[in-house]
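Written out below as structure tokens is the structure these notes cover.
The values are calculated or read from the model by the stated rules, or taken from the named source; none is laboratory data. These numbers were taken from a predicted model, which means no experiment stands behind them. Cβ sites come from the backbone with ideal geometry, for glycine too, and all protein chains shown count toward neighbours. Please note that ligands, DNA and RNA were not included when accessible areas were found on the heavy atoms of the full protein model with its side chains. Shrake-Rupley method; radii C 1.70, N 1.55, O 1.52, S 1.80 Å.
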Amino acid sequence: MSPAMDALHNAQVMNRAALTRRLVAKLTDQAVIGGIGNTNFDLWAAGRRPENFYMLGSMGLAVPIALGVAIAQPKRTVIALEGDGSLLMQLGCLSTVAARGPRNLVIVVWDNGIYQITGGQRTPAAAARTDLVAIARASGIAESHWAADEAEFEALAERALGAPGPWFIAARIDDKPAVTQTERDPVRIRDAFMRGIGSRG
Ligand SMILES: Cc1ncc(C[n+]2csc(CCOP(=O)(O)OP(=O)(O)O)c2C)c(N)n1
């Protein structure tokens, strides 16, 4: 078994809402792109920020959108939060990120092994057979890591917020549903985000 695969199997199963709160508590002016569904809902529940973009409906597009924002605003750190099912739908984005090499991009993936929001169907990453960190590293993102536990997740998040990336941080998470839902008003969400990152007056 590869060292990366060991890291996957040794990683504790954590909770997305708790990790999202820990991450958001560290933020200042970073932009955050919340992936579809639960990822978004837990970001919403962790406290509204003008620099958050709550993406609705577009499975797999948190990383591509975050990459675009990172290129447009190279001085701002941009964080993509994405589920394993969504990332698996859009794996090519990892090669694009590696090729472009944005130093200000941080990708965080929540791996629960299921498409939770549509009924818990198993993703191909289920039962820890597909190692998303190994895929990210092989795609060319050198700073790709499994968080072994909450303390390591915090340490990795701090490193990623302070040192050049791109970064890819993955956490194994449980199947607890999100406690709330994002307000579903795409135009308002878009406008608030654009104002929040200063691209619209
Ligand atoms: C292209 C596309 N296919 C299917 C869906 C339906 N869909 C919405 S969320 C989702 C599951 C997302 O899984 P994951 O990213 O792992 O997040 P989780 O639900 O586990 O939090 C699916 C299948 C969609 N929105 N778009």
Next item on the list: Take the solvent-accessible surface of the protein heavy atoms, probe 1.4 Å, and return the percent of it on the chain that carbon and sulfur atoms account for.
Entry: 53 percent
Check: Dipole size in debye (nearest 20) for the chain around its Cα centre, Lys and Arg Cβ +1, Asp and Glu Cβ -1?
Finding: 640 debye
Next item on the list: Specify the inter-centroid distance of segment 1-62 and segment 149-177, based on alpha-carbon positions, in whole Å.
Entry: 9 Å
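With a 1.4 Å probe and all protein chains left in place, how much accessible area per residue does the chain have, in Å²?
It amounts to 44 Å² per residue over the chain.
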Checklist line | Vicinal HN-Hα couplings computed from phi for segment 183-196 (Karplus, 6.51 cos²θ - 1.76 cosθ + 1.60; Hz; Gly/Pro x) | finding: 4, 9, 9, x, 5, 5, 4, 4, 5, 5, 5, 4, 5, x
Notebook entry, point to check: Sequence-distant or interchain residues sharing an amide H contact under 5 Å with Met14, placed H: which?
Noted result: Arg172, Ile173, Asp174
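Using a 1.4 angstrom probe on the protein heavy atoms only, line up Asp42, Asp175 by accessible area, largest first.
Ranked from most to least accessible, the order is Asp175, Asp42.
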Notebook entry, point to check: What are the residues whose amide H is under 5 Å from the amide H of Trp167, where those residues sit 5 or more places off or on another chain and H is modelled from the backbone?
Noted result: Leu105, Val106, Ile107
Check: With labels modelled as points extended 7 Å from the Cα through the Cβ direction, what inter-label distance (nm, one decimal) is found for Leu56 paired with Arg159?
Finding: 3.8 nm
Checklist line | Segment Leu91-Val187, extension gain: residue separation times 0.36 nm, minus the distance between their alpha carbons | finding: 31.8 nm
